[in-house]
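Notes for the one structure printed next.
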Amino acid sequence: MQLIKKAVMALEFKHVTKQFQSNSGEMLTAVKDVDFRVEKGEFVSVVGPSGCGKSTILSMTAGLYQPSTGEVSVSGERVDGPNPHVGFMLQKDLLLPWRDIISNVEFGLESRGLNRAARRAKAMEVLIACHLGGFEQHYPYQLSGGMRQRAALARTLAIDPEIILLDEPFSALDAQTKLLLQNSFSKVIAEQKKTTLLITHDLAEAVLMSDRILVLSERPGTVIAEIKVELPHRDEPLKRRNLPEVSEYAAQLFSYLKLEEKAF
Ligand SMILES: Nc1ncnc2c1ncn2[C@@H]1O[C@H](COP(=O)(O)OP(=O)(O)O)[C@@H](O)[C@H]1O
Ligand SMILES: [Mg+2]
């Protein structure tokens, strides 16, 4: 008898609906019947109108919120509480201003039973991967916005997460810095073979960085399209952006979102 082994997905959303109770007591449906899978090592972006539930999807992946119905699994295990194997990075870098960069990167390792030398070694390794070697003793205020985001990525990578969640990490940066940072994030994430879920409202960014893009509807958000980006250079957006197909993909995404807008 031949055994067929079912591949374990890095992330699975199975018919997930999430409702919140508003201040007035009414139930608000943030996302509805969201159903998708992310393979190990894949880079998937989620785009959709503001308020459609993108951040809610990340929070449920991290186990900060529970679905009202449906199920979320990371590496084949149902998420039923804060998940230490998920690395969550927000738009604001949340570095601790009173700690130097290396101590900031070590922060997430302190609760994991590693001794000081092992923590330092791991922190140094990810800082170098993020091209911050030489800045370990600097304080956050001494770094540029782009460097701080790279330090925040290093901190996220230090815990060796099974999945990295990025919630609009570049949206506060100028256009130039953003391009360079997209490039360095993509390189590090590809080198480290990390599974990644990126939330962005920047359609070009989604095309430049992703293997696949999920398009969400207006609230209650549900997946209305899934686009596979069949272009080379996923690890190097600065190269990918020179391909003429990039604007075609972005236009396709835009048309989905615009269609939705028209419906309201
Ligand atoms: N903790 C919460 N309590 C009540 N409502 C919430 C909560 N978190 C999010 N929401 C609501 O859910 C909807 C989706 O929010 P969010 O996921 O932040 O959207 P997005 O990230 O796509 O802009 C919004 O209407 C928001 O107000
Ligand atoms: Mg959001």
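The values are calculated or read from the model by the stated rules, or taken from the named source; none is laboratory data. In this text, all values refer to a predicted model and were calculated from it rather than measured experimentally. Note that we place each Cβ from the backbone using ideal geometry, even for glycine, and neighbour counts take in every protein chain shown. For accessibility, only protein heavy atoms count, side chains too; no ligands or nucleic acids. Shrake-Rupley method; radii C 1.70, N 1.55, O 1.52, S 1.80 Å.
For the range 89-102, does any single residue satisfy the condition of being within 13 Å of ligand 2 (Cβ to nearest atom) and among the aromatic types (F, W, Y)?
No, the conditions are met nowhere in the range 89-102.
Out of the residues in the range 201-221 meeting the condition of being part of a loop (DSSP other than H, G, I, E, B) and within 15 Å of ligand 1 (Cβ to nearest atom), tell me which one is surrounded by the fewest Cβ atoms within 10 Å (Cβ to Cβ).
H201
Filter the range 222-246 for residues that are open to solvent by 70 Å² or more (accessible area, probe 1.4 Å), touching a residue at least 24 places away in the same chain (Cβ under 8 Å) and not in a loop (DSSP other than H, G, I, E, B) and give the result.
E226
If you check V16, V8, which single one turns out to be over 17 Å from the mean Cα position of the chain (by Cα) and away from ligand 1 (no atom under 16 Å from the Cβ)?
V8
Here's a check for you: in the range 169-200, which residue that is crowded, with 19+ Cβ neighbours inside 10 Å and within 16 Å of ligand 2 (Cβ to nearest atom) is nearest to A10 (Cα to Cα)?
L197
Condition check ((1) in contact with a helix residue (DSSP H, G or I) (Cβ under 9 Å, 6 or more places away or on another chain); (2) within 16 Å of ligand 2 (Cβ to nearest atom); (3) outside any helix (DSSP H, G or I)) across all residues:
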{"site": "T17", "(1), (2), (3)": "no, no, yes"}
{"site": "F20", "(1), (2), (3)": "yes, yes, yes"}
{"site": "L28", "(1), (2), (3)": "no, yes, yes"}
{"site": "K32", "(1), (2), (3)": "no, no, yes"}
{"site": "D35", "(1), (2), (3)": "no, no, yes"}
{"site": "K40", "(1), (2), (3)": "no, no, yes"}
{"site": "V46", "(1), (2), (3)": "yes, yes, yes"}
{"site": "S50", "(1), (2), (3)": "no, yes, yes"}
{"site": "T61", "(1), (2), (3)": "no, yes, no"}
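Scan the range 132-157 for residues that are outside any helix (DSSP H, G or I) and of a type in the set (S, T, Y) and jot them down.
Y139, S144, listed by residue number.
Working carefully through the options V229, V246, V188, find the one that is of a type outside the set (S, T, N, Q) and touching a strand residue (DSSP E or B) at 6+ places or on another chain (Cβ under 7 Å).
V229
I'm told S73 meets every condition in (1) within 11 Å of ligand 1 (Cβ to nearest atom); (2) in contact with an Asp or Glu (Cβ under 7 Å, 6 or more places away or on another chain); (3) more than 26 Å from H201 (Cβ to Cβ) except one. Can you identify the failing condition by its number?
(1)
Could you list, in sequence order, all residues of the range 119-163 that are over 22 Å from H85 (Cβ atoms) and touching a Lys or Arg at 6+ places or on another chain (Cβ under 8 Å)?
H131, L132, Y139, P140
Within the range 19-53, can you find the residues that are within 13 Å of ligand 1 (Cβ to nearest atom), within 22 Å of A206 (Cβ to Cβ) and hydrophobic (A, V, I, L, M, F, W, C)?
A30, V31, V34, V46, V47, C52, listed by residue number.
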